[in-house]
Ligand code: ADP
Ligand code: MG
């Protein structure tokens, strides 16, 4: 599958409307506290301008205004930051559709326009075709460069592409290429799974079972698997209704010759927030819960990663948000960063946050910007925002 990209489009003299992901964190005074997403969109914006576009009209959502105007979620601070990054003025409109917006686009001397928060209108998230038609009427061509919302059939991410010539931007292209290399990967292929729930990751497991050589499983989801093997898990987080499924996955893997490695020791506490007792154990006692994988598990996991050519990492190995439970996630993150000549792909919002927190993101092949979108991609689902873009 190879989609039309901005490199295939003639922008000269055209108005291009680009769906970007400017959903950035803001502080209480509505200052942008992390501009990584704005920075990430700059290459696409600059490219389209260099190719002679008459206007670049940018649109995004910001936060969760739930279909109403929320003054604290206006795009003005984003426009300010973007102008600084581009080194040119950015015209920010007070709404994202309507005659006044159209008029501003026509009359402004500036080349770059940023529309107001799309989610001030409930029609954005319902994928209303009239609303997407209004957005489309502002421009001649459409570009989608917002991977994080590509799994949603919203007006600006999907429906609009039905009424304008459409392509994907550089960010989206990189996500699709990199995540595709985690779906059809060079072997040996090792998948590290962790995080909160087995149920969140079933799709990834079943889609990639035929492709992977090994799975390493940590995080809370490991306890559902361990329990399905009859091991003591104390009061660790377990999905009781997924124990049978976990058992089936283990059997399935065995019959396919896919190895699954579960933790062999654990950091356990009696209470997550105020632990009176903290210990490393091989067998979890009653009343204790696993909050991180133990040192012997970390060793075992590193051993299994040593010869990999491709690694997909999705899900932290422990409650990494707390420093005292972060060792497993941190050590594996460092180990992945130290591997050379290995394709390492990170999917999932919390895993990406962990890679950033431990300062290894830039040393890995690709850290997906799309939490839910990356998981759906890895499950083998066709994301509506990508599916709607024509093939080359
Ligand atoms: P991702 O967003 O990367 O797909 P998930 O959302 O599945 O990851 O899981 C992340 C969450 O899992 C984190 O908030 C982390 O604290 C939690 N977690 C990891 N290990 C454990 C554990 N042993 N017990 C409870 N929660 C855990
Ligand atoms: Mg998550």
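The values are calculated or read from the model by the stated rules, or taken from the named source; none is laboratory data. Since the model is a prediction, treat every value here as computed from it, not as a measurement. With ideal geometry, Cβ positions are generated from the backbone for all residues, glycine too; neighbour counts draw on all protein chains shown.
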query = List the pairs whose first member sits in the stretch 353-381 and is farther than 13 Å from residue 148 by Cβ, whose second member is within 13 Å of ligand 2 (Cβ to nearest atom) and assigned to a loop (DSSP other than H, G, I, E, B), and whose Cβ atoms are under 6 Å apart, counting only residues at least 6 apart or on separate chains?
reply = 354/316; 354/320; 378/347
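The rows are residues; the columns are (1) modelled with pLDDT under 95; (2) part of a helix (DSSP H, G or I); (3) touching a helix residue (DSSP H, G or I) at 6+ places or on another chain (Cβ under 6 Å).
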{"position": "30", "(1), (2), (3)": "yes, no, yes"}
{"position": "49", "(1), (2), (3)": "no, yes, no"}
{"position": "57", "(1), (2), (3)": "no, no, no"}
{"position": "83", "(1), (2), (3)": "no, yes, no"}
{"position": "88", "(1), (2), (3)": "no, no, no"}
{"position": "96", "(1), (2), (3)": "no, no, yes"}
remark   = Counting only residues in the stretch 125-147 that are part of a helix (DSSP H, G or I) and surrounded by 24 or more Cβ atoms within 10 Å (Cβ to Cβ), the one nearest to the chain's Cα centre (by Cα) is identified as 147
Condition met for residue 42 (in the same structural domain as residue 114 (by TED's automatic domain parsing), out of contact with any strand residue (DSSP E or B) (no Cβ under 7 Å at 6 or more places or on another chain) and in a helix (DSSP H, G or I)) = yes
request  = For the stretch 189-197, state whether one or more residues are in a helix (DSSP H, G or I) and either more than 16 Å from ligand 2 (Cβ to nearest atom) or more than 24 Å from residue 58 (Cα to Cα) (or both).
outcome  = no
task = Would you mind telling me which numbered condition in (1) over 26 Å from residue 145 (Cβ atoms); (2) within 14 Å of ligand 1 (Cβ to nearest atom) residue 337 fails?
result = (2)
Residue in the stretch 229-239 that is within 16 Å of ligand 2 (Cβ to nearest atom), within 28 Å of the chain's Cα centre (by Cα) and on the phi < 0 side of the Ramachandran plot present = yes
inquiry  = Quick check on this structure: which one of 204, 183 is at pLDDT below 90, within 20 Å of the chain's Cα centre (by Cα) and either within 19 Å of residue 366 (Cα to Cα) or within 16 Å of ligand 2 (Cβ to nearest atom) (or both)?
reply    = 183
task = Filter the strands (runs of 3 or more DSSP E) completely within the stretch 255-350 down to those with at least 3 residues that are crowded, with 17+ Cβ neighbours inside 10 Å.
result = 266-269, 289-293, 310-314, 343-346
note = Note on the stretch 3-28: residues touching a strand residue (DSSP E or B) at 6+ places or on another chain (Cβ under 7 Å), under 30 Å from residue 356 (Cα atoms) and outside any helix (DSSP H, G or I) are 3, 5, 18, 19, 20, 24, 26
task = Go through the stretch 361-377 and give me each residue that's at pLDDT 90 or above and in contact with a strand residue (DSSP E or B) (Cβ under 9 Å, 6 or more places away or on another chain).
result = 361, 363, 364, 365, 366, 367, 368, 374
